[in-house]
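Here is the structure we will look at.
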Protein chains: 2
Amino acid sequence: MARKTKAEAAATREALLEAAEEVFFAKGVARTSLEQIARHAGLTRGAVYWHFKNKGDLFMALVEQVRMPFQSLMDEVDKADAELSPLESIRLACHAGLVRLEQPSYQRILSILLHRCEFFSDINPLDMQEQIGNECFEEMLNVFVLAEQQQLLREDLSPEIATRLMQSMLGGLFHDWLRNPGAFSIRERGGELIDTSIRMMQR
Amino acid sequence: MARKTKAEAAATREALLEAAEEVFFAKGVARTSLEQIARHAGLTRGAVYWHFKNKGDLFMALVEQVRMPFQSLMDEVDKADAELSPLESIRLACHAGLVRLEQPSYQRILSILLHRCEFFSDINPLDMQEQIGNECFEEMLNVFVLAEQQQLLREDLSPEIATRLMQSMLGGLFHDWLRNPGAFSIRERGGELIDTSIRMMQR
DNA sequence: GAACATTTACATTCAAAACTGTATGGTTAA
DNA sequence: TTAACCATACAGTTTTGAATGTAAATGTTC
């Protein structure tokens, strides 16, 4: 095969990732072969083995794209309005997270990670799930601590429990929704749950 | 091989299910072969193909064991004390659910269903997850409606939203915990979340 | 800047392993 | 005697990783 330019090579790498995303989503990770991915991208397994070490490596590269730290959502909100109360900031940041979920690619990769893959030879998707969750937890906790310092939280609610409540609720919601995104609107139902949660939490 | 008595045959069927449970849990469903399951039970693939049609059939038989309708938890609570307020009934039923999760077999099968299996040829674990969730939802909703009729719920909280909040929160909690049951005590953390949720929900 | 050498970016081919489903065989409970 | 219960043997497919081929892009030298 003729050698491609660096830009073309990068493009085929992207094409492989996109193909993997689609086939993984459609058939699950375990039941898709590298052959199928390559063909779906109009290439052969040679290309796959050139750009990635193996299936696990390809999977890792795919999931690397979905890091959604809570911090960036907060920044997004703070930039729009710097004078928000901590609870309102959390509320809006959660809403911003829902908006991001409307991006189809984002949706598919998250769905693959949560519902369409198992163990791997040396890859453990559960660890990735946990890592992403922990990052968000730490960042949200800081804001809830701020809310408590300003005496905005109910007296019988600690920042730790508040954070866990939000995390678990959102996590469960995402799981349910990604299982069947057509069943209901995530912005609508998620928005309701977020708003009522925050409302119940404030003093 | 010599023919076994009916009781012995039933015992080997159970042994196969138990072996499947352990190997599925340890290696994930996709990456375990029927050979491995049979050997782990001290048998051969012949036994597997006699008792089950194929891997999907074996998987179905395994998951059939974990139906946990919310109703049975409520009954369990009602039997202990018939004069409970609806909110207290829900609270105790959720606690009872946490207790059931301590049963190792229960834990493993649920973990397989949630985290250790993908699609199948004709089996879709996501449908099972959804079905189990929906059953619990309907039953819990009824009790929350009762709570509203007795004016025990916050005025700004509908029974539907209350139910969804509890469901999502518990679902997210289970997912997190089953990912790594050693990380924290489900009864402790789950108990906290349940209690605070109910407390925040009441008028 | 032209000629040459070297990599790159894949396609193609090959051997090996793993897994499945079925078919067959043997023994004993019914 | 029959057929349940399971072991064993067999054929077939699928997938993987590595080896090999190759033409163009890139680097190097003068």
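The values are calculated or read from the model by the stated rules, or taken from the named source; none is laboratory data. Everything numeric in this text was worked out from a predicted model, so none of it was measured. Backbone-built Cβ (ideal geometry, glycine too); neighbour counts: all protein chains shown. We work out accessible area using only protein heavy atoms, side chains counted, and drop any ligands, DNA or RNA first. Shrake-Rupley method; radii C 1.70, N 1.55, O 1.52, S 1.80 Å.
Key figures for this structure:
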| read-out | value |
| --- | --- |
| Criterion: surrounded by 16 or more Cβ atoms within 10 Å (Cβ to Cβ), more than 7 Å from chain A (Cβ to nearest Cβ) and more than 24 Å from residue B:111 (Cβ to Cβ) - qualifying residue of B:148, B:139, B:155, B:160 | B:148 |
| Residue in region B:44-55 that is surrounded by 13 or more Cβ atoms within 10 Å (Cβ to Cβ), under 30 Å from residue B:180 (Cβ atoms) and more than 10 Å from DNA strand D (Cβ to nearest atom) present | yes |
| Verdict on residue A:85 being away from chain B (no Cβ under 14 Å), among the small types (Gly, Ala, Ser) and open to solvent by 20 Å² or more (accessible area, probe 1.4 Å) | yes |
| Lone unmet requirement of (1) among the β-branched types (Val, Ile, Thr); (2) modelled with pLDDT of 95 or more; (3) under 20 Å from residue A:197 (Cα atoms) for residue A:77 | (2) |
| From A:94, A:117, residue being within 13 Å of chain B (Cβ to nearest Cβ), more than 22 Å from residue A:19 (Cα to Cα) and over 10 Å from the mean Cα position of the chain (by Cα) | A:94 |
| Given (1) more than 7 Å from every other protein chain (Cβ to nearest Cβ); (2) under 22 Å from residue A:196 (Cα atoms); (3) open to solvent by less than 60 Å² (accessible area, probe 1.4 Å), number of the condition residue B:168 does not satisfy | (1) |
| Cross-chain or 6+ apart pairs with Cβ under 9 Å, region B:1-25 first and in contact (Cβ under 8 Å) with a residue 40 or more places away in the chain and within 14 Å of chain A (Cβ to nearest Cβ), then away from DNA strand D (no atom under 12 Å from the Cβ) and of a type in the set (Lys, Arg) | B:24/B:108; B:24/B:116; B:25/B:108; B:25/B:116 |
| Of the criteria (1) among the hydroxyl-bearing types (Ser, Thr, Tyr); (2) within 30 Å of residue B:20 (Cβ to Cβ); (3) in contact (Cβ under 8 Å) with a residue 40 or more places away in the chain, which one residue B:185 fails | (3) |
| Which listed residue, of A:132, A:112, is within 30 Å of residue B:117 (Cβ to Cβ) and open to solvent by less than 20 Å² (accessible area, probe 1.4 Å) | A:112 |
| Any hit, region B:17-33, residues being farther than 25 Å from residue B:122 by Cβ, touching a helix residue (DSSP H, G or I) at 6+ places or on another chain (Cβ under 9 Å) and more than 8 Å from DNA strand D (Cβ to nearest atom) | no |
| Region A:36-61 residues that are within 14 Å of chain B (Cβ to nearest Cβ), paired with ones that are within 6 Å of DNA strand C (Cβ to nearest atom) and open to solvent by less than 30 Å² (accessible area, probe 1.4 Å) (beta carbon under 7 Å, 6 or more apart) | none |
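Condition check ((1) touching an Asp or Glu at 6+ places or on another chain (Cβ under 7 Å); (2) within 16 Å of DNA strand C (Cβ to nearest atom); (3) of a type in the set (Phe, Trp, Tyr); (4) under 25 Å from residue A:112 (Cα atoms)) across all residues:
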| position | (1), (2), (3), (4) |
| --- | --- |
| B:120 | no, yes, yes, yes |
| B:124 | no, no, no, yes |
| B:148 | no, no, no, no |
| B:158 | no, no, no, no |
| B:163 | no, no, no, no |
| B:169 | no, no, no, yes |
